[in-house]
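As structure tokens, the structure follows; a few thoughts come after it.
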Amino acid sequence: MGSKKEIIFFTTNKNKVKEIKDLADSEAKNITIVHREYDYPELQLEEIEAVAKESANYIKKKVAIKKPFFIEDSGLFIHALNGFPGPFSAFVFNKIGNEGILKLMADKEGEERRASFKTVVAFCESFEKEPILFVGTAEGKIAEKVRGEGGFGYDPIFEFEGKTFAERNTDEKNRVSHRGRAFMKLLNYIS
Ligand code: IMP
């Protein structure tokens, strides 16, 4: 048996770590995800692809470890609000939370409640190379009210096939989520 390949995941979000470690444990026996708690400044750019790329480049400059690593940036895009909060999802969540989003959506019905989640994983194979991006999306809708105890962030208001993400366990969420899809692309690339 060959030795396991270690890949570092820089983030301060323990929920993201759990989701990604669970997925790697079940889908990629030869890969170990090593979490590094690291709070990098997140640029407020219009595209989360650009945010993820700049964050990876920032870590390359600031951190002295010469191992493969990745970061990820995610956002919720509500169609009827022209993609809001999108790249500003963290700021908006901290300011108005799920109840605030539900208020903004109060007069929206049916198809008007469509929304998507997007994750961009930026992977640096070595500190000399440019980040490679892997994108995953999940299409769903904004629920009428918060539902479910699991997950984090916008999960209680993001509904997919009748259940919110907060009504799924980690494994169920991973199978259909933006993060699961983006991370599976990274795993396929590595193996
Ligand atoms: P960031 O990727 O950490 O910048 O996340 C942006 C915002 O979206 C934060 O408020 C997160 O809590 C939220 N968020 C990120 N990923 C998810 C998810 O998988 N489900 C629900 N909310 C998420």
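Assorted remarks:
- Residue match in region 183-191 (condition: buried (at least 21 other Cβ atoms within 10 Å of the Cβ), closer than 25 Å to Ala80 by Cα, within 14 Å of the ligand (Cβ to nearest atom) and within 13 Å of the chain's Cα centre (by Cα)): no
- From the list Ile31, Ile20, Ile78, Ile71, the lone residue that is of a type in the set (Val, Ile, Thr), within 21 Å of Val176 (Cβ to Cβ) and in contact with a helix residue (DSSP H, G or I) (Cβ under 6 Å, 6 or more places away or on another chain) is Ile20.
- Residue match in region 22-34 (condition: of a type in the set (Ser, Thr, Tyr) and within 16 Å of the ligand (Cβ to nearest atom)): no
- Selection from region 75-89 of residues that are open to solvent by 30 Å² or more (accessible area, probe 1.4 Å) and either aliphatic (A, V, I, L, M) or in contact with a strand residue (DSSP E or B) (Cβ under 7 Å, 6 or more places away or on another chain) (or both): Phe77, His79, Ala80, Leu81, Phe84
- Scanning region 53-73 for residues that are within 15 Å of the ligand (Cβ to nearest atom) and open to solvent by 30 Å² or more (accessible area, probe 1.4 Å) returns Lys53, Glu54, Tyr58.
- The C-beta contact set for region 114-129 (first residue over 25 Å from Ile142 (Cβ atoms) and of a type in the set (Phe, Trp, Tyr), second residue assigned to a strand (DSSP E or B) and away from the ligand (no atom under 16 Å from the Cβ), distance under 7 angstrom, 6+ apart or interchain) comprises Phe123/Ile132.
- Lys145 being surrounded by fewer than 16 Cβ atoms within 10 Å (Cβ to Cβ), out of contact with any Gly (no Cβ under 6 Å at 6 or more places or on another chain) and at pLDDT 95 or above: yes
- For region 3-14, the criterion of a residue being more than 24 Å from Arg168 (Cβ to Cβ) and within 11 Å of the ligand (Cβ to nearest atom) is satisfied by no position.
- The requirement of being within 13 Å of the ligand (Cβ to nearest atom), farther than 28 Å from Phe70 by Cα and either open to solvent by 20 Å² or more (accessible area, probe 1.4 Å) or in contact with a Pro (Cβ under 7 Å, 6 or more places away or on another chain) (or both) is not satisfied by Val92.
- Options Lys118, Lys129, Lys103: the member that is under 23 Å from Pro41 (Cβ atoms), open to solvent by 50 Å² or more (accessible area, probe 1.4 Å) and either touching a Phe, Trp or Tyr at 6+ places or on another chain (Cβ under 7 Å) or away from the ligand (no atom under 16 Å from the Cβ) (or both): Lys129
- Matching residues, region 41-52, being more than 12 Å from the ligand (Cβ to nearest atom) and open to solvent by 80 Å² or more (accessible area, probe 1.4 Å): Glu46, Glu47
- Checking Ile31 against (1) open to solvent by less than 40 Å² (accessible area, probe 1.4 Å); (2) modelled with pLDDT of 95 or more; (3) of a type in the set (A, V, I, L, M), the condition it does not meet: (2)
The values are calculated or read from the model by the stated rules, or taken from the named source; none is laboratory data. Keep in mind the model is a prediction, meaning the values are calculated, not measured. Using ideal geometry, Cβ is built from the backbone for each residue, glycine included, and neighbour counts are taken over all protein chains shown. Each accessible area value is taken on the protein alone, full model and side chains, heavy atoms only, with ligands, DNA and RNA left out. Shrake-Rupley method; radii C 1.70, N 1.55, O 1.52, S 1.80 Å.
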